[in-house]
Amino acid sequence: MLVAHLAAYYIVRGFATLPSLLLLTTSPEAMATYKLGVEVASAHDLMPKDGQGSASACVELNFDGQRFRTAIKEKDLNPVWNERFYFNVSDPSNLPDLALEAYVYNVNKSVEASRSFLGKVRIAGTSFVPFTDSVIMHYPLEKRGMFSRVKGELGLKVYITNDPSIRASNPLSAMDPVSNNSPPTPSHAQQIAADITGTNLNTSQEHRHEVRTLHTIAKDIHHNHHGHLPVSFGGQPSNSKYGIEQMKPEQQQPKIVRMYSAASQQPMDYALKETSPFLGGGQIVGGRVIRGEKHASTYDLVERMQYLFVRVVKARDLPDMDITGSLDPFVEVRVGNYRGITKHFEKQRNPEWNAVFAFSRDRMQASVLEVLVKDKDLVKDDFVGMVRFDLNDVPIRVPPDSPLAPEWYRLVHKAGDKSRGELMLAVWIGTQADEAFPDAWHSDAATLEDPSAVTHMKSKVYHAPRLWYLRVNIIEAQDILIHDKSRYPDVFVRAQVGHQHGRTKPVQARNFNPFWNEDLMFVAAEPFEDHLILTLEDRVAPNKDEILGRIIIPLTMVDRRADDRIVHGKWFNLEKPVLVDVDQLKKEKFSSRLHLRLCLDGGYHVLDESTNYSSDLRPTAKQLWKPSIGLLELGVLGAQGIVPMKTRDGKGSSDTYCVAKYGSKWIRTRTIMNNPNPKFNEQYTWEVYDPATVLTIGAFDNGQLGDRNGEKSSGKDAKIGKSWDPGNNVLTAYYDSPGFVIIFIVYKISTPSVSK
């Protein structure tokens, strides 16, 4: 769980790519198991290069000093390989700076060590995704130089895996038909002539130096602008190794800065080494802190609010209180007039609560904290023992300090008896930036009659599931069976995914093989718990349909695609809709079939909100996501002028909370009870991928707490106000409610420094 929380935190703070999270989520032992999986699926519409209108193509993969090659497909401009290779990842922290390169060559076996260039594909390390999110992508082949003649596409499936059972692929065989001896590099004029004429150059270089033309230099500059430094600009190119040594990554020696006199005899292993870590306040360089653009504080957009936190962990060796020798303990935390209560345990002398209470210091009018242990009784709760704290002696904790460790305290009876057991507690003063704040019981809930309603008051963060378009192309049916042989069937197909329904048009099948070729579209949400249910029905009379067969297809079995590649159809056998005798099923050697094309389309964004107020325009497939352009930080300060939404104790009241949505992330602040001008002072962050998106903010009345208009609440939350902000202001207020409501927020978008 800690690893997951750390990963989620760094995603929110701007390190959203998988390679940047590998060091955070794995131990050094697990890093060695990381592999880059590459599945070479196929190529399409390659350039003929053998002089006979065809090509004998193979693909060479190059990553992190390792190289592999597929088989050679003879005389095929649309070759299919379906070969899989695994590269060792020597250092996961360098993945964002690495790239996978795939070169497509035409191999002429009649001439030794002869091949010609058909195109290449370069995939940056920032685009690598886990295996569960990987799909086959068809990349257009790129030219190597200005005069290269290249066309076609290459289908690759690239992913990162840490499965320890997977081993890296074997290096290139020494008996490879293309020799590994490196002949001299052709001259500039020879290369240009070869690109123009399409002739093969007799070379077997596994990683030849590219011809420097205006086109390639411009492309390198383009890559450099996006954070990819070309080899010619960043230093000398590395020479690839072959054979057994290929799988061993070269270890770079760390640079050691001498911090002592040259005459000193201090061993080098124990020498001081100067580092430049990135800390909260900036980067330390040469002993000085270079401040970053962002503030070190997590809550720098809202007012600091101090709270008294009390963590009640557990108790031990509590005394028996009843005549029967049993004890039903619970804890009561008191600060002045505020009182928080834990749940009680029946017949338990060593209970565990793990509950946190938060009391606002602005409202506290006492100087003593009392923590009491009581025995639950039907008539009157019995006192067991208590612990007192002077609020002036409570320590102050400010993150990123580690959480305060709980300690054992002896319970004292009113008469001074200290043999009443022990209670484990932690008491400190912190702010809303404390990690215990979201799950804590707040003093605002002190007036609740039902303690279980506290769960409806806490602040929460939700992530909407990823949505996919499910395309169902119903082509035809074959050999349908009907009971009434004297008529032609009038059949159609009904489809269902969850609560979504669709159907084709009825078709009269004179040859019992109806044909539709109709498309149906559904929306499916991960983790694909719903199934696609298809029923073939025959309209025997008006408003009367008879089921001829049914198919249930799990969505996890449907192929995913992220481009416009062709989806091949499949035949599915229809199952009987009712129970049939087993012997009869054995006699029937065939069944009706349905011809379908199915795919989960990830190349589009599923519009789950109004187009005028869209907060996310990214396609479903993660491989198509562009890098984030910045970080949106939202501070929800408070609201003013909240009108009463219900009655409590004969008076108008409102229990207000705010909701904000951007992309797939929803946030909900804690509920402030009985306050027309609530102050939240909570801060949240989002990754921003498109500036033409909208942040939606709303205020609601919590319907889970108390009565509405003197009647029991229906449990439905009422809308107080709503706001759509395009992100052009620093401070905004919006008014859309039965009355006059102002929601105060402050936000900022952090982007890389760009000259304007």
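Per-structure values
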read-out: J(HN,Hα) series, segment 354-365, from Karplus relation 6.51 cos²θ - 1.76 cosθ + 1.60, nearest Hz, glycine and proline x; value: 6, 10, 10, 10, 10, 10, 5, 6, 5, 9, 6, 10
read-out: Protection proxy ranking, peptides 672-680, 384-392, 410-418, average beta carbon neighbours within 10 Å, highest first; value: 672-680, 384-392, 410-418
read-out: Under-5 Å amide H pairs with VAL523, H placed in peptide plane, nonlocal only; value: LEU470
read-out: Karplus (6.51, -1.76, 1.60) ³J(HN,Hα), θ = phi - 60°, over segment 547-553, in Hz, Gly and Pro reported as x; value: 7, 9, x, 9, 10, 10, 10
read-out: Backbone HN-Hα couplings from phi across segment 489-506 [Karplus 6.51/-1.76/1.60, Hz, Gly and Pro as x]; value: x, 10, 10, 8, 10, 10, 10, 8, 10, x, 9, 9, 10, x, 7, 8, 7, x
read-out: For ARG593, residues with placed amide H under 5 Å, excluding near neighbours; value: GLN478, LEU574
read-out: Alpha-carbon centroid distance for the pair segment 403-445 / segment 615-685, whole angstrom; value: 30
read-out: Relative exposure of THR132, THR647, judged by other C-beta atoms within 10 Å (fewest first); value: THR132, THR647
read-out: Long-range amide H partners of VAL558 with built H, under 5 Å; value: none
read-out: With 5 Å bins from 0: P(r) over segment 467-601, alpha-carbon pairs, percent; value: 2, 10, 20, 21, 19, 14, 9, 4, 2, 0
read-out: Per-residue Cβ neighbour rank within 10 angstrom, fewest leading, GLU682, GLU303, GLU422; value: GLU303, GLU422, GLU682
read-out: Sorted peptide list for 371-381, 86-96, criterion being average Cβ within 10 angstrom, highest first; value: 86-96, 371-381
read-out: LYS49, LYS314, LYS661 arranged by Cβ crowding within 10 Å, fewest neighbours leading; value: LYS314, LYS661, LYS49
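Here, each number is a calculation from the coordinates, and none is a lab measurement. What you are looking at is a predicted structure, and each value in this text was computed from that prediction instead of being measured. For neighbour counting, all protein chains shown are included, and Cβ atoms are generated from backbone atoms with ideal geometry for every residue, glycine included.
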